[in-house]
Protein chains: 2
Amino acid sequence: MIDTLRRHIPVLDWSRTYSRQAFSNDMIAAVIVTIMLIPQSLAYALLAGLPPEAGLYASIVPIILYAIFGTSRALAVGPVAVVSLLTAAAVGQVAEQGTAGYAVAALTLAFLSGGFLVLMGVFRLGFLANFLSHPVIAGFITASGILIAASQLKHILGVRAGGHTLPEILVSLVAHLDEINWITVVIGVGATGFLFWVRKNLKPTLRRLGAPPLLADILTKAGPVAAVVGTTLAVWGFSLAERGVNIVGDVPQSLPPLTLPGLSPDLVGALLVPAILISVIGFVESVSVAQTLAAKKRQRIDPDQELIGLGAANIGAAFTGGYPVTGGFARSVVNFDAGAETPAAGAFTAVGLAIAAVALTPLVYYLPTATLAATIIVAVLSLVDLLILRKTWDYSRADFTAVAATILLTLGLGVEVGVASGVTISVLLHLYKTSRPHVAEVGLVPGTQHFRNINRHKVETDPTLVSLRVDESLYFVNARFLEDLIQKRVTEGCRIENVVLMFSAVNEVDYSALESLEAINHRLKDMGVGLHLSEVKGPVMDRLERSHFIRDLNGQVFLSQYEAWMLLTKPGLGQVTD
Amino acid sequence: MIDTLRRHIPVLDWSRTYSRQAFSNDMIAAVIVTIMLIPQSLAYALLAGLPPEAGLYASIVPIILYAIFGTSRALAVGPVAVVSLLTAAAVGQVAEQGTAGYAVAALTLAFLSGGFLVLMGVFRLGFLANFLSHPVIAGFITASGILIAASQLKHILGVRAGGHTLPEILVSLVAHLDEINWITVVIGVGATGFLFWVRKNLKPTLRRLGAPPLLADILTKAGPVAAVVGTTLAVWGFSLAERGVNIVGDVPQSLPPLTLPGLSPDLVGALLVPAILISVIGFVESVSVAQTLAAKKRQRIDPDQELIGLGAANIGAAFTGGYPVTGGFARSVVNFDAGAETPAAGAFTAVGLAIAAVALTPLVYYLPTATLAATIIVAVLSLVDLLILRKTWDYSRADFTAVAATILLTLGLGVEVGVASGVTISVLLHLYKTSRPHVAEVGLVPGTQHFRNINRHKVETDPTLVSLRVDESLYFVNARFLEDLIQKRVTEGCRIENVVLMFSAVNEVDYSALESLEAINHRLKDMGVGLHLSEVKGPVMDRLERSHFIRDLNGQVFLSQYEAWMLLTKPGLGQVTD
């Protein structure tokens, strides 16, 4: 009972042994993460089309709920770039940006997404996330990074463009080029350049100047804060807002408010599919980060419990003025590197952000949106990894096709079409590959009991015996292929008396394949050729024994191919092929 | 050149050796098939919602075109029950039955379907039909049989009901029950009972009375003709048409007319998906029949050339007043049993039907539609095979699920939804099964070089060595599963020094799985455990060598598991488990 409780509410587990040392490490990590999160939260809310405070609210209660229910000790939960983009795409279809309906739809999206994650966790369906292959995820993240960066250009240029796909965004930007505000451009380009410089060069420079590593690290992470402070002061000092520079403006000074997601059937119907998509993508991103960090400390995370933790966080976001959240890569790595030992670090970060929400929001009145756009651009361009195209091209054309299609479709038709097509293409490519399985004719490696492909190894064969190693599970997609192949091979050789199907690589025989095997058996029987099986695995044999096939088999089932060889070959006829 | 031509126009091949004996056999077969086809063609046209002559026209030119381009020597092409039902469902969505638009839409459907089949054939995509698993086809055919029989009840009762799904059909019948024409019921039920009796009992009875087998056979096949003649005479003699019995009425006396399919973008857009569905289902049905018959005579059919033959037949139907056709099961078996030797039998059948179209159509004026409905019901109920539910239940729950879902969805939501869901469910079940692969820990079978599951066989093991046989190709759906499993197994045993992954059943390693293997290698290296592979197949090894994995591997790749065992075990520590 207690164990079950601890399993489902991990906080009960780790809090028992919480030490003063862990507390102090967690506090330091929380301070660093808080400093980093303030501008990031505002920026991602902007990306999602929501008022800036929504980003802060989405980082407070969700972090605490994840600390209670999640299993990763370093994961930092909150708004992330890709999920913010998906939110903008989904909510933009049901409401106008800036309306009350838009904010309510974002809450609903978080609620649906949270509910779906919890359900997946309760039914232990975490494995479904595996349907997103690595190439599809890599392609999707890369394309999203490009899309997000492109979508922020309007803030850098100070124009009012729109669009959800790369062509739409670019066309809209060009159409609005006459609105360019050059002061905004100077701020935006300056901030972007500064942030890139900080990311690439500040740490080595500080280290050369003799700064201790931790300080160098904190200063580097505080780069966005410096950009925020600097540009805010510039806008305030030179009254640039009056000269057309867009600023954040009034942000309420408040703890997260109590909010209710809208649950009208129309709204739920329109947001259900996007919510599922956001859940799955958020979960995959979060679990990859959590697993990577856990492995570094020999800890394990439980994917099904992670679903519950992330689900609780999203439901929390829905009731406290937030929007969909997940475990973010950048913030989690910062948290981990800063020495966070337990989820308590997350809770302390929440406190820090709550203080910011109450006390610091007036300070960002003059913050230019161009600066926030710059922090987003610098953050997401690190997600763009076009090398994946090269790597998959070298390894396998099928994986390359999946990556390339996902990238192109995401850029060209938007995030939802992109990821759905990526999954579909991966599945179809897999089915295509297994539809024409590799079947090797094998012979005995001399001096061993081992059988290998006659075309690749020097092996012994016998003209009366055809041994075929079927390199694929047999199921409906390839059942007929095997029928045709055996028919062809047997009609080629006139001295053939026996065919052995070596089943060492056959992991499943479904009903369609069973019918094909029965057809093969009948045809070979009619031709006076024996059909034998060898090295049939336990689970496959169990299943075959439930049918008539084994009883009707015109031959035997051998434990090993060597046994089949010893019994079926004619001594003196053997020959060695090369 | 000549060979290519012969390959694509098989008539050039078989006609060279056409003998007098083959001619006489083909003629006899043609006479029998013609007698059978006259009522059947009229009936299926009725099922498709078309005037009766459309069924005759669809049997004339298409048969000739298939004789030229098809590869099966016994396949009889023409209207079949399932395709007629699909035609009614598709065309009913764009036009009202009985209008000129309805007939044009049927032509368009045949044209699109023919074009799609020819394209598939030219691009050699016949294997795509394998995506329809045997359970899905069996379930679909069974459900279609039930649907068709139900849809004919209105003709038996003489009421004007409608509906495309079983609930719709039944509700509509009940709503129209007050229109029942009792004379029609007597004719319909009488004809149905008579036809069932002929099918079941006539042949044995005739044989007992001393009739020669061929005569008994022909008389049995002529059962529908007897029903047609008998009921037509009854309607004519007793003037039953004036008492509300529906009759076929005027059928033009004409050879197939030259017609043009409508190709407006709207019509093509609305019919494209149904046309693809009809093509695929028609092709699968036709190829199964053709393969079964070909195997009986040690002939082979070429699925890609079959696509072209069927495509040509459908395009022919589109230009000669027909509707979609395919190779029918019943007619092909009759043709084969009657001794047809070449496709010329089909051409002679076409001549017979052309004569019927010109000379015999006035004779069917008084033919009651109830009789045609009776021939359809008797024909399709032989397609209904509910035993498949039992067989698949015994063999595998996954296959049972596919059959049951296909049957229920086809009956409940119609043919198109049914077959599409069936295919989707089959694919998802396959992915689910491969997502949690069987991984067996193996040991050496004493006295051999063969390794088997330690839980099923008495084998030798070594506490420092874990040998895992992975019983599945590694790809994105199961990549993470293996990561978790190895992590778990290795943290369990403290003396483990080496892990060998036996890859005899791994037929593919995609990019996602490669990344998982790299992660496993890294983690084991960190723990001081060696990772080795054994029995890696050629194609898999070729691919792995293109990546960094083999270079970075903290261990070796062994040709056989036995080699790995000899090198990695510590003599003296071995133990035998049972």
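Data for the structure
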read-out	value
Cβ-based exposure ranking for A:200, B:433, in which fewest neighbours within 10 Å come first	A:200, B:433
Position residue B:19, label points 7 Å along Cα→Cβ, spacing to each other copy in nm (shortest first, one decimal)	9.6
Tensor-based shape of the range B:1-128 (alpha-carbon gyration tensor, a/c under 1.5 rounded, otherwise prolate or oblate)	oblate
Overall Cα dimensions of the range A:238-346 - principal axes, largest extent first, Å	55, 46, 23
Alpha-carbon spread of the protein assembly as shown, three principal axes, descending order, Å	111, 79, 64
For the range B:396-517, alpha-carbon Rg over 2.2 N^0.38 Å	1.42
Euclidean distance of C-alpha centroids, the range B:386-457 and the range B:102-168, integer Å	26
J(HN,Hα) series, the range B:304-311, from Karplus relation 6.51 cos²θ - 1.76 cosθ + 1.60, nearest Hz, glycine and proline x	5, 6, 4, 4, 5, x, 5, x
Nm distances between copies for residue A:385, ranked from closest, using label points 7 Å along Cα→Cβ	5.0
Fewest-first sequence of A:391, A:525, B:154 by Cβ atoms within 10 Å of each Cβ	A:525, A:391, B:154
Filtered chymotrypsin sites (Phe, Trp or Tyr not before Pro), the range A:57-161: DSSP coil and at most 12 other beta carbons within 10 Å	A:123
Rh by Kirkwood over Cα pairs, then Stokes-Einstein D for the range A:468-578 at 0.890 mPa s and 25 °C, µm²/s	170
For residue B:72, residues with placed amide H under 5 Å, excluding near neighbours	none
At R0 = 51 Å, FRET efficiency that the Cβ-Cβ distance of residue A:387 and residue B:448 yields, to 0.05	0.60
Charge dipole (debye, nearest 20) of the range A:159-262; +1 at Cβ of Lys and Arg, -1 at Cβ of Asp and Glu	680
Residues residue B:420 and residue B:5, FRET efficiency given R0 of 56 Å [Cβ-Cβ distance, rounded to 0.05]	0.90
Whole-angstrom gap from the range A:237-299 to the range B:218-297, using each part's C-alpha centre	60
Ranked A:451, A:348, criterion: other C-beta atoms within 10 Å, fewest first	A:348, A:451
Estimated 222 nm signal from helices in the protein assembly as shown, with DSSP H stretches of n ≥ 4 weighted -39500 (n - 2.57), rounded to 500	-19500 deg cm²/dmol
P(r), alpha carbons of the range B:80-207 - 5 Å bins starting at zero, rounded %	2, 9, 12, 14, 17, 16, 12, 9, 6, 3, 1
Under-5 Å amide H pairs with residue A:467, H placed in peptide plane, nonlocal only	A:442, A:500
From phi via Karplus (6.51, -1.76, 1.60), per-residue ³J(HN,Hα) for the range B:467-474 in Hz, x at Gly/Pro	10, 10, 9, 8, 8, 5, 4, 9
Positive-pole candidate from A:245, A:353, B:372, dipole of the protein assembly as shown, charges at beta carbon	A:353
Three-way shape label, chain A, alpha-carbon gyration tensor, a/c 1.5	prolate
Within 10 Å of each Cβ in B:509-519, the average number of Cβ atoms from other chains	5
Amide proton proximity set for residue B:451, modelled H, under 5 Å, gap of 5+	B:445
Cα-based shape type of the range A:460-527, given that a ≥ b ≥ c are square roots of the gyration tensor eigenvalues and the cut on a/c is 1.5	oblate
Simple Cβ-charge dipole of chain B, Lys/Arg +1 and Asp/Glu -1, about Cα centre, in debye nearest 20	1400
For residue B:528, label point 7 Å along C-beta direction: distances to other copies, nm	6.6
31 Å Cα-Cα threshold exceeded, pairs from A:537/B:391; A:297/A:433; A:433/A:458; A:200/B:488; A:221/A:297; A:200/A:433	A:297/A:433; A:200/B:488; A:200/A:433
Vicinal HN-Hα couplings computed from phi for the range A:391-403 (Karplus, 6.51 cos²θ - 1.76 cosθ + 1.60; Hz; Gly/Pro x)	4, 6, 4, 5, 8, 6, 5, 5, 5, 4, 4, 5, 4
Debye log10 I(q)/I(0) at q = 0.19, 0.20, 0.21 Å⁻¹ for the range A:322-441, Cα point scatterers	-1.17, -1.22, -1.26
Coarse-grained scattering of the range A:135-201 at q = 0.14, 0.20 Å⁻¹, given as base-10 log I(q)/I(0) from a Debye sum over alpha-carbon atoms	-0.50, -0.86
FRET efficiency estimate (nearest 0.05) - Cβ-Cβ, residue A:351 to residue A:24, R0 22 angstrom	0.90
Rg to Rh, two decimals, where the range A:172-298 supplies the alpha carbon set and Rh follows Kirkwood	1.09
Label-point separation in nm, residue A:365 to residue B:168, each point 7 Å along Cα→Cβ	6.5
Per-residue average of Cβ from other chains inside 10 Å of B:391-404	3
Simple Cβ-charge dipole of the range A:439-577, Lys/Arg +1 and Asp/Glu -1, about Cα centre, in debye nearest 20	320
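Every number in this text was worked out from the coordinates using simple rules, so none of it is lab data. These numbers were taken from a predicted model, which means no experiment stands behind them. Quick reminder, even Gly has a Cβ in these numbers, built from the backbone with ideal geometry, and neighbours come from all protein chains shown.
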